[in-house]
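Report on the structure given below.
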Ligand SMILES: [Zn+2]
């Protein structure tokens, strides 16, 4: 099945009170592990690509070629969206050109007027080309490609303004942050989430920084209108832990254990296990 945009899968998720996972990719192993797991669990899935990861993978054209090749060769029949994560204005345009099926324009660091003007322009292009588009209001804390924010809460009225521009989905800051959560983290602000949901109605809401948010908070967030949850760091930690174990046990020194196809295999299995666990928690299994 060719790439699809994220609109239909998220509309269904919002109506069905579950969430679709966005799993960020870094290379071939990541992509293959996520696609195979989504297929195995009969779940829709969103592959996230940050601008940094896009550069690392030799540019957006390479990413589109790799993902489309896998969809065909691995016989993937579940809906898959290829989505730019935290795109700049220029990055969004480049991904639309390269064949992504979905983009996020992160204008949260612009004054609201400028965020609105740029979002409007990109909404029109995405509408014409059939892509879905995510906007962000209220910066999400933690590190985003080198920029560290504190995890502020979005203004529900600003959320309504941006939602009314015709975006497909809206990321609203509700105290969530990227990367690992600090010991003294105050938790998600469900009051903010409820207020945003009330103002934006059927708009699918997006929760960034899904790594390490306790399962009960995830479930509550889904019940309050979150339909897309971004997972990135958790797959990286799972990969790192499994790879470290392989090397520490000296397996790379035994036989052909140095072969990258063997060396990276435990990490791939660890990513699959993480994705499986998230799909179960988010409730998107068998919703393809
Ligand atoms: Zn994010």
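The values are calculated or read from the model by the stated rules, or taken from the named source; none is laboratory data. Not measured: the values here are computed from a predicted model. Note that we place each Cβ from the backbone using ideal geometry, even for glycine, and neighbour counts take in every protein chain shown.
Every residue, every condition in (1) over 14 Å from residue 282 (Cβ atoms); (2) modelled with pLDDT of 95 or more; (3) surrounded by fewer than 20 Cβ atoms within 10 Å (Cβ to Cβ); (4) in contact with a helix residue (DSSP H, G or I) (Cβ under 8 Å, 6 or more places away or on another chain), yes or no:
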| residue | (1), (2), (3), (4) |
| --- | --- |
| 9 | no, yes, no, no |
| 39 | yes, yes, yes, no |
| 44 | no, yes, no, yes |
| 48 | yes, yes, no, no |
| 77 | yes, yes, yes, yes |
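Search segment 180-198 for residues being part of a loop (DSSP other than H, G, I, E, B) and buried (at least 18 other Cβ atoms within 10 Å of the Cβ), and hand back the single one that is modelled with the lowest pLDDT. Give the derivation first.
Taking segment 180-198 first, the residues part of a loop (DSSP other than H, G, I, E, B) are 180-189.
Filter once more, keeping what is buried (at least 18 other Cβ atoms within 10 Å of the Cβ): 181, 188-189.
On the way: 181: 83, 188: 91, 189: 92.
Taking the candidates together, the pick is 181.
Which of the residues that make up segment 134-157 are modelled with pLDDT under 90, closer than 25 Å to residue 14 by Cα and either part of a helix (DSSP H, G or I) or in contact with a helix residue (DSSP H, G or I) (Cβ under 8 Å, 6 or more places away or on another chain) (or both)?
Within segment 134-157, 137, 138, 153, 154 meet the criteria.
Among the numbered criteria (1) part of a loop (DSSP other than H, G, I, E, B); (2) crowded, with 21+ Cβ neighbours inside 10 Å, which one does residue 170 miss?
Result: residue 170 fails condition (1) only.
Working carefully through the options 113, 85, 106, find the one that is modelled with pLDDT under 95 and under 27 Å from residue 283 (Cβ atoms).
106
Please give the number of the condition residue 207 fails out of (1) away from the ligand (no atom under 14 Å from the Cβ); (2) within 16 Å of the chain's Cα centre (by Cα); (3) within 23 Å of residue 31 (Cα to Cα).
(1)
Having 3 or more residues that are within 15 Å of the ligand (Cβ to nearest atom) and free of Cβ contacts under 8 Å to residues at least 60 places away in the same chain is the bar; report the strands (runs of 3 or more DSSP E) wholly within segment 10-105 that clear it.
Fully inside segment 10-105 and qualifying: 80-87.
Six or more apart or on different chains, Cβ atoms under 6 Å: show the pairs whose first residue is in segment 242-270 and within 22 Å of residue 37 (Cβ to Cβ) and whose second is assigned to a loop (DSSP other than H, G, I, E, B) and at pLDDT below 95.
Here the result reads none, with nothing in segment 242-270 linked to a residue that is assigned to a loop (DSSP other than H, G, I, E, B) and at pLDDT below 95.
Here's the yes/no breakdown for (1) touching a strand residue (DSSP E or B) at 6+ places or on another chain (Cβ under 7 Å); (2) surrounded by 15 or more Cβ atoms within 10 Å (Cβ to Cβ):
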{"position": "226", "(1), (2)": "yes, yes"}
{"position": "235", "(1), (2)": "yes, yes"}
{"position": "244", "(1), (2)": "no, no"}
{"position": "272", "(1), (2)": "no, yes"}
{"position": "283", "(1), (2)": "no, yes"}
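Residues in segment 185-220 that are more than 22 Å from residue 132 (Cα to Cα) and touching a residue at least 60 places away in the same chain (Cβ under 8 Å): how many?
Counting residues in segment 185-220 that are more than 22 Å from residue 132 (Cα to Cα) and touching a residue at least 60 places away in the same chain (Cβ under 8 Å) gives 3.
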